[in-house]
Amino acid sequence: MTHDVDVVIVGGGPVGTTALALCGRAGLRAIAFEKDAELWPTARAVHFDGETMRTLQGLGVAERFQQVTIPMRDVAILNEAGEVLVHAPTDRIGEQGWNDHISFHQPDIEELLREVVAETPGIELRCGETVTDVESTDDGVVVTSSDAAGEVRTTRARWAIVADGARSEIRHRLGIESDKYGEDTPWLVVDGQLVDAPGYEPDMIQFGRHTRPALWLRLPGDRVRMEFMLMPDDDPAEIVTPAAVERISRGALPADKFTPDRQAIYTFRGRIAREWRRGNVFLAGDAAHQAPPLFGQGLCAGIRDAANLVWKLDLVARGVADESLLDTYESERKPHATFWVETAANQAVIIQTTDPQVAHGRDEYIRANPGASAVPEPPVLGPGLHAGEGGGGGKLGPQPILADGIRLDDMVGSHFLVAAEREVHDDLSPALRAALDDDGEVITLLDPAKVSDLLTTIGARAAVLRPDHYILGTAGTAPELERLLLRVPSLAGTANLTA
């Protein structure tokens, strides 16, 4: 089959447009289809982490995104009586070289992502065109779409990325079911502008109120978000009125000082699709996983999907890697995403309890163990192209900011990185060192000024990092480093050079 493009992306939200931009950066020809003709005007996601900013940095636009985002300064957990059970500062540069917690207004983010797409050659975003079918064939996919006038179009590609949201029509057409985590719970989500009213001081609060659990988030400018769990006796029509919002916010959102952009009832749910790949079709973002918003990892997880998948598609498209590399997308990402869905679902149980006695016991536990409610450490990837946790692989690698202010990724780009003490590198066979020097897929850094912080943080004398910044593995000797290098797809055929 002749391919019109390399990749078709179903869905033009932030996950789909990020995947599209990553395809363009890699040199893949790609088209994304978005059924809505206009940009969605209201917010949904509101949180990035440092890893997401690092992905945007790789697209060369992180500084532009900084202009429309704000670092989250602090987080807190309050109980029914207003007692502060936990208060933690979060306004710091983390291991990724960016703030660990960043808030935004989603339309601002989507507009910037579309600007990136428009500036990138070889890719196209088609808005107002709905994908009605995606068929996987032996050597690609056939995508059927129709525009507002009803004109039907067929696009042939090597692969398809389905990022059409939680209600993914394509996932349903493929017959892929999802597993449920936790309980589905309806919440009222309220976004808007709060002027001449203080709101709450912390930037993010989880309210463990057994009479009505709630969340508070401060966003850029004068924007805020509050989320309220619906109770059995709530009237869905009344609960969205300004007077009701003022009441259930306990005065934080006064009707005369808060102008809502959106007041909508959503069901917070935990879901993981049972399959993330069907032939040449890959699920990503909410089409693959949905989490309650307690740790703000929903969109972050979708961006991770795109970052994990696109560099693999690129290597396979160019013949650098075997098609089997694509099997590692689901095996790596599904357990990682499941961790966040399970963790958020468990946290939801803790925060959402409406039983006064259970809430009292929870408060007592949090007072005694404040660290137990902290955002957990990110998990390692599931099995795939890395040495595993015992070999130092599968973890997200750090990004030091060097003495001259340069972030490490700006030197490495979308390549594999070999960072090593010179003594370990120099003990490699001369032939392997020469192959490493000639390999255009790999950047080797030996200067202590560039790699010492990285290696110290990882705790190794040498390390190999993948294009998505996850650690392939670590080494303490040249033979250990050689074994890692032979797992890099472009070096996999050089085993005879290690003698």
Q.
I'd like the residue in segment 393-410 that is within 20 Å of Gly476 (Cα to Cα) and open to solvent by less than 20 Å² (accessible area, probe 1.4 Å) and, out of all such residues, is farthest from the chain's Cα centre (by Cα).
A. Gly393
Q. Before we move on, is Ala431 part of a helix (DSSP H, G or I), open to solvent by 40 Å² or more (accessible area, probe 1.4 Å) and of a type outside the set (Phe, Trp, Tyr)?
A. yes
Q | Filter pass, Leu491 being closer than 30 Å to Asp305 by Cβ, open to solvent by less than 60 Å² (accessible area, probe 1.4 Å) and either hydrophobic (A, V, I, L, M, F, W, C) or modelled with pLDDT under 95 (or both) | A | yes
Q) Checking Ala81 against (1) without any contact (Cβ under 8 Å) to a residue 12 or more places away in the chain; (2) part of a helix (DSSP H, G or I), which single condition isn't satisfied? A) (2)
Q. Restricting to strands (runs of 3 or more DSSP E) lying wholly in segment 108-147: which have 1 or more residues that are closer than 30 Å to Ile70 by Cα?
A. 123-127
Q) Residue check, Ala197 against (1) open to solvent by 10 Å² or more (accessible area, probe 1.4 Å); (2) not in a loop (DSSP other than H, G, I, E, B), all met but one. Which one? A) (2)
**Q.** Residue that is least open to solvent (accessible area, probe 1.4 Å) [pool: residues in segment 44-59 that are among the aliphatic types (A, V, I, L, M) and more than 14 Å from Asp108 (Cβ to Cβ)]
**A.** Met53
**Q.** Search result, residues across segment 387-418 that are at positive phi and at pLDDT 95 or above
**A.** Gly394
Q: Go through segment 210-219 residue by residue and tally those that are part of a strand (DSSP E or B) and open to solvent by 50 Å² or more (accessible area, probe 1.4 Å).
A: 1
Q) Before we move on, is Ala359 touching a Phe, Trp or Tyr at 6+ places or on another chain (Cβ under 6 Å), assigned to a helix (DSSP H, G or I) and within 24 Å of Pro213 (Cα to Cα)? A) no
Q. In this structure, is Thr267 surrounded by fewer than 23 Cβ atoms within 10 Å (Cβ to Cβ), assigned to a strand (DSSP E or B), of a type outside the set (A, V, I, L, M) and at pLDDT below 95?
A. yes
Q. Which one of Val162, Val152, Val86, Val190 is open to solvent by 10 Å² or more (accessible area, probe 1.4 Å), of a type in the set (A, V, I, L, M) and in contact with a helix residue (DSSP H, G or I) (Cβ under 9 Å, 6 or more places away or on another chain)?
A. Val86
Q) Tell me, which residue of segment 119-137 that is of a type in the set (Asp, Glu) and either open to solvent by less than 90 Å² (accessible area, probe 1.4 Å) or in contact (Cβ under 8 Å) with a residue 12 or more places away in the chain (or both) is farthest from Leu56 (Cα to Cα)? A) Asp133
(Q) When the residues of segment 411-421 are narrowed to those that are touching a residue at least 60 places away in the same chain (Cβ under 8 Å) and closer than 26 Å to Arg25 by Cβ, which ends up most open to solvent (accessible area, probe 1.4 Å)? (A) Ser414
**Q.** Any chance Ala499 is open to solvent by 30 Å² or more (accessible area, probe 1.4 Å) and either in contact with a Leu (Cβ under 7 Å, 6 or more places away or on another chain) or at pLDDT below 95 (or both)
**A.** yes
Q | Residues that are open to solvent by less than 10 Å² (accessible area, probe 1.4 Å) and touching a helix residue (DSSP H, G or I) at 6+ places or on another chain (Cβ under 8 Å), drawn from segment 443-464 | A | Ala462, Ala463, Val464
Q: Could you grab me the full set of residues in segment 295-332 that are surrounded by fewer than 23 Cβ atoms within 10 Å (Cβ to Cβ), part of a helix (DSSP H, G or I) and among the aliphatic types (A, V, I, L, M)?
A: Leu315, Val316, Ala317, Leu325, Leu326
Q) Got a number for residues in segment 247-262 being under 30 Å from Tyr365 (Cα atoms) and open to solvent by less than 60 Å² (accessible area, probe 1.4 Å)? A) 4
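Just for segment 220-246: of the residues that are of a type outside the set (Lys, Arg) and either assigned to a strand (DSSP E or B) or in contact with an Asp or Glu (Cβ under 8 Å, 6 or more places away or on another chain) (or both), which one is surrounded by the fewest Cβ atoms within 10 Å (Cβ to Cβ)? Show your work before the answer.
As a first pass, look at segment 220-246 and keep what is of a type outside the set (Lys, Arg): 220-222, 224, 226-246.
Filter again for either assigned to a strand (DSSP E or B) or in contact with an Asp or Glu (Cβ under 8 Å, 6 or more places away or on another chain) (or both), leaving 220, 224, 226-229, 244.
Working: Pro220: 15, Val224: 24, Met226: 24, Glu227: 19, Phe228: 23, Met229: 22, Ala244: 19.
Result: Pro220.
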Q | Only listed residue being open to solvent by 20 Å² or more (accessible area, probe 1.4 Å) and among the aliphatic types (A, V, I, L, M), chosen from Val142, Val116 | A | Val142
(Q) What's the total number of residues in segment 344-355 that are under 16 Å from Ile366 (Cβ atoms), open to solvent by less than 40 Å² (accessible area, probe 1.4 Å) and either in contact with a helix residue (DSSP H, G or I) (Cβ under 7 Å, 6 or more places away or on another chain) or part of a helix (DSSP H, G or I) (or both)? (A) 4
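Taking Val424, is it outside any helix (DSSP H, G or I), aliphatic (A, V, I, L, M), open to solvent by less than 40 Å² (accessible area, probe 1.4 Å) and farther than 23 Å from Tyr329 by Cβ?
no
The values are calculated or read from the model by the stated rules, or taken from the named source; none is laboratory data. These numbers come from a predicted model, not from an experiment. Please note: Cβ atoms are built from the backbone with ideal geometry, for glycine as well, and neighbour counts cover all protein chains shown. Areas reflect the complete protein model, heavy atoms only, side chains present, ligands, DNA and RNA absent. Shrake-Rupley method; radii C 1.70, N 1.55, O 1.52, S 1.80 Å.
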